[in-house]
Amino acid sequence: MSLGAQTVPSTAAPMGLNPSRVDVFLGYSYFGAHGQLKPAGINYSSIDYGALGSGAYYFNKYFGGEAIIAAHPDGKNDGLYTISAGPIFRAPMQNFTLFAHGLVGAAKMTGPDSDSGGYHNPWQWGPALTAGGGMDYDLPFFNNRFSFRLFEADYRYIHENYGPFTPPPTAGQMGGRANLSGAELSTGLVAHFGHIIPPPPVAYACSAAPAEAFPGDPITVTGTASNLNPKKTASYTWTTDGGTISGTSNVANIDTKAAAPGTYTAKGHVSEGAKPGQMADCSAQYTIKQFEPPTVSCSANPTTVQPGDSATITSTGSSPQNRPLTYSYSASAGTVSGNGSTATLSTAGAAPGTITVTCNVVDDKGQTASSTTSVTVNAPPPPPAPKTSALCTVNFERDKRRPTRVDNEGKACLDDVALSMQRSSDAKLALTGNAATTEKHGTDLATDRAINTKDYLVKEKGIDAGRISLYTGTQDAKTVTTTLIPAGATLDTTGITSVDEGAYAAAHEKKHHVVRHHAAKKAAK
């Protein structure tokens, strides 16, 4: 018989170190017969169905005594019951147990029988010997109360004497003798009871809450007992040397009204019997303190405001002895109003920066406390950055012979541009010349249009040439666009190219010089 996992209290030894005292097994059993009835020479058949039950009592962790009853009543030509007892040895492991046993007993057997042959042997008792072993696996249920017997493999020897032999075909009892060997294989469940090591003694621990209190404050003492027997009723008693304690369970209450400041000890006793290990004591200290001054914490919401906005100041005051409190406030800037647990800080007239607010509290004994919080006043946001603006567009579509000349309608547009430049004396102007895709030398035409437009603004309207920048663009149009650039604004130059007027003028002059030279040579010929 084997041991599986046990029902062990939380303070007991680990599994395998404190195995069970009693094991009970019940399960299925197969008997494989090997033998003949002599002198008839008729074989006994194996028995597929049977049951086996056993009980083992262990004297220590490894050794005990066992009794087994097995029933295999319904073989093909035979039947068998056995009862036996003997020593058992086990080896408890972490999650399983190995065991071996040797038993002596008796077997009640019948057969071999034959309905067609008309012969049989009646049930007859005879001696039986058993030796074998097996393995149990601990099941993680019900505090390891049960184990599963993976296998039990036993060798059985049985001797039967049925009396004088009468050979077939004579009907009736056949008689004869049998020395039967067999392999008995079993599996099933094992239940465990008791423990080799006795249960641990009762232990008791207690604590006081709160551990520090003022005169008049209640204190609760809680005891925690372990290793109690759930089948018994525990009794509790309490004593203390400071104040008055009351309670008949594991929880007691202490009245501290009459206790002077100091450190005291509450003692508890738990008992579930008069035997050693069935009772325990505990103690817990607690301190009665002198009255203390109040405390206060201070917070602001929000902690960051715009100039002129307000913030709510919240004070959380506490008196250890629950005395009445009075609140007051002061601020390093702005004004703060309120005399309760909340006040309002006004930042009207306060410069940007950090304002420190002080929260004060005083109790009815004149004991004070203070705390501070801060509120940040943001600086006014900067003005939005200036942006460029598109003015009118000068069109060069009307004069086909002089495609870069600024006509009167273009001059009217530029007169408005000049007025805008005069009104914004720190602004600059961007002129972007464009050419149609059908025009030859489009880049030169676009550049000339921008230069002529600038010349009109400088020479005719008196605009400072240094305030005007020239560009060529990619629009499919014979135009010059005008863009006003206020101080601080940045022109988006995507898709346009800056014009170097000096370089362009030099290249243009060189081109015209070459043309004049060729014309003079041609005239000389």
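The values are calculated or read from the model by the stated rules, or taken from the named source; none is laboratory data. Worth saying up front: this structure is predicted, and the values here are computed from it rather than measured. FYI the Cβ positions are ideal-geometry reconstructions off the backbone, even for glycines, and counts take in every protein chain you see. When the accessible area is computed, the model is the full protein with side chains, heavy atoms only, and any ligands, DNA or RNA have been set aside. Shrake-Rupley method; radii C 1.70, N 1.55, O 1.52, S 1.80 Å.
Spin-label model, residue 63/residue 265: points 7 Å from Cα along the beta carbon direction are separated by 4.8 nm. Rolling a 1.4 Å probe across all protein chains gives residue 447 an accessible area of roughly 10 Å².
Across the alpha-carbon set of segment 239-381, the Rg to Rh ratio works out to 1.32, Rh being the Kirkwood radius. Segment residue 235..residue 407, full-extension length gain: 50.1 nm, with 0.36 nm per residue of separation and the alpha-carbon distance subtracted. Accessible area per residue was computed with a 1.4 Å probe on protein heavy atoms; residue 467 scores about 40 Å².
From largest accessible area down, sort 72, 120; use a 1.4 Å probe on the protein chains.
Values: 72 0, 120 80 Å².
Of 72, 120, the descending order of accessible area is 120, 72.
Note on the chain: helix-only mean residue ellipticity at 222 nm, from DSSP H runs of 4+ residues weighted -39500 (n - 2.57) and normalised by residue number, equals -3500 deg cm²/dmol.
What is the ratio of the Cα radius of gyration of segment 380-474 to 2.2 N^0.38 Å, where N is its residue count, to two decimals? Walk me through the numbers before you get to the answer.
On the way: Rg = 14.9 Å, N = 95, 2.2 N^0.38 = 12.4 Å.
Relative to the rule-of-thumb radius for its length, segment 380-474 sits at 1.20.
Each label was represented as a point 7 Å from its Cα along the Cα-to-Cβ direction; for residue 251 and residue 153 these points are 5.9 nm apart.
Please give the contour-minus-distance gain from residue 378 to residue 89: 0.36 nm per residue of separation, less the Cα-Cα distance, rounded to one decimal in nm. If you can, show how the numbers build up before the last one.
Working: separation 289, 0.36 × 289 = 104.04 nm, distance 8.62 nm.
95.4 nm is the gain from fully extending residue 378 to residue 89.
Where does each of 59, 142, 193, 165 land when they are ordered by accessible area, with a 1.4 Å probe and the largest first? Don't skip to the answer; put the middle values down first.
Details: 59 125, 142 155, 193 95, 165 65 Å².
Result, largest first: 142, 59, 193, 165.
The mean of 1/r over all distinct Cα pairs in segment 128-244, once inverted, gives the Kirkwood hydrodynamic radius of 22.1 Å. Evaluated at q = 0.08, 0.09, 0.11 Å⁻¹, a Debye calculation over the C-alpha positions of the chain (equal weights, vacuum) places log10 I(q)/I(0) at -0.82, -0.91, -1.04. With a 1.4 Å probe rolled over the protein heavy atoms of all chains, the accessible area of 20, 226 falls in the order 226, 20, largest first. On a per residue basis, the chain carries 53 Å² of accessible surface, using protein heavy atoms and a 1.4 Å probe.
Multiplying the sequence separation of residue 123 and residue 106 by 0.36 nm and subtracting their Cα-Cα distance, what value in nm do you get? Before the final figure, lay out each step's value.
Numbers: separation 17, 0.36 × 17 = 6.12 nm, distance 1.25 nm.
Result: 4.9 nm gained on full extension.
Site pair residue 398 and residue 212 shows an inter-label distance of 9.6 nm when each label is modelled 7 Å from Cα along Cα→Cβ. Segment 435-473 and segment 138-211 have Cα centres spaced 114 Å apart. Tell me, what % of the accessible area of the chain is carbon and sulfur with a 1.4 angstrom probe? For the chain, the apolar C and S fraction of the accessible surface comes to 56 percent. Averaging the sequence gap over all C-alpha pairs within less than 8 Å and six or more residues apart, then dividing by the number of residues, gives the chain a relative contact order of 9 percent.
Using C-alpha pairs under 8 Å with a sequence gap of at least 6, the mean separation divided by the residue count of segment 197-274 gives a relative contact order of 33 percent.
Using r as the Cβ-Cβ distance of residue 258 and residue 222, and R0 as 25 Å, what FRET efficiency do you calculate, to the nearest 0.05?
Working: r = 23 Å, r/R0 = 0.90.
Working from the Cβ atoms, E equals 0.65.
For residue 491 and residue 368, a Förster radius of 56 Å and the Cβ-Cβ distance give a FRET efficiency of 0.30, rounded to the nearest 0.05.
May I ask you to derive the relative contact order of segment 49-195, considering only C-alpha pairs under 8 Å and at least 6 residues apart, and to give it as an integer percent? Write out the running numbers ahead of the final one.
On the way: 372 pairs, mean separation 24.5, N = 147.
That works out to 17 percent.
Report the FRET efficiency, 1/(1 + (r/R0)^6), for residue 337 and residue 464, where r is their Cβ-Cβ distance and R0 is 56 Å, rounded to 0.05. Mind dumping the intermediate values first?
Numbers: r = 58 Å, r/R0 = 1.04.
In this case the efficiency is close to 0.45.
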